[in-house]
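Remarks on the structure that follows.
The values are calculated or read from the model by the stated rules, or taken from the named source; none is laboratory data. The shown structure was predicted, so the numbers you read here are calculated from the model rather than taken from an experiment. Here the Cβ positions follow ideal geometry from the backbone for every residue, glycine too, while neighbour counts run over all protein chains shown. When the accessible area is computed, the model is the full protein with side chains, heavy atoms only, and any ligands, DNA or RNA have been set aside. Shrake-Rupley method; radii C 1.70, N 1.55, O 1.52, S 1.80 Å.
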Amino acid sequence: MFLIALGQNLKEKKGIDAELAAILMTHILKAVTTQNAVAQAKEAILKLAVERATPPKVEAING
């Protein structure tokens, strides 16, 4: 319960990156984590970083 509450508090706290907090809740802030939890969290964080670094695609308007 403590880890769940900690994760929720992080997500709701002003100035905290909610998406990053969600990744930590999903992979790290658990009573029992998987053996590769850190690797999974790292992969999710890198994916989030790539999404944020990629500029949005602008569609050309014909006409």
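May I ask which residue of L10, L46, A22 lies farthest towards the positive end of the charge dipole of the chain, with charges of +1 (Lys, Arg) and -1 (Asp, Glu) on Cβ and the Cα centre as origin?
With unit charges placed on the Cβ atoms, the residue in question is L10.
Can you give the accessible area per residue of the chain, in Å², using a 1.4 Å probe?
87
Taking every alpha carbon pair in the chain, what does the distance histogram look like in 5 angstrom bins from 0, in percent?
All Cα pairs considered, the percentages come to 3, 17, 20, 19, 15, 9, 5, 5, 4, 2, 1, 0.
Once you place label points 7 Å from the Cα toward the Cβ at L48 and I28, how far apart are they in nm?
0.9
Rounded to a whole number, what % of the accessible area of the chain do carbon and sulfur atoms account for, probe 1.4 Å?
Ligands and nucleic acids excluded, carbon and sulfur reach 62 percent.
Using θ = phi - 60° and the Karplus relation 6.51 cos²θ - 1.76 cosθ + 1.60, list the HN-Hα couplings for the stretch 48-55 in order, rounded to whole Hz, with x at every Gly or Pro.
Taking θ as phi minus 60°, the curve returns 4, 4, 5, 4, 6, 7, 7, x Hz for the stretch 48-55.
Okay, helix-only estimate at 222 nm for the chain: each DSSP H run of n ≥ 4 adds -39500 (n - 2.57), divide by all residues, round to 500 deg cm²/dmol; what do you get?
Per the formula, -19000 deg cm²/dmol.
So if I place +1 on the C-beta of Lys and Arg and -1 on the C-beta of Asp and Glu, and nothing else carries charge, what would the dipole magnitude of the chain be about its Cα centre? I want it in debye, nearest 20.
Dipole of the chain, to the nearest 20 debye: 140 debye.
If each residue of separation counts as 0.36 nm, what is the full-extension length gain between K13 and V58 once their alpha-carbon separation is subtracted?
12.9 nm
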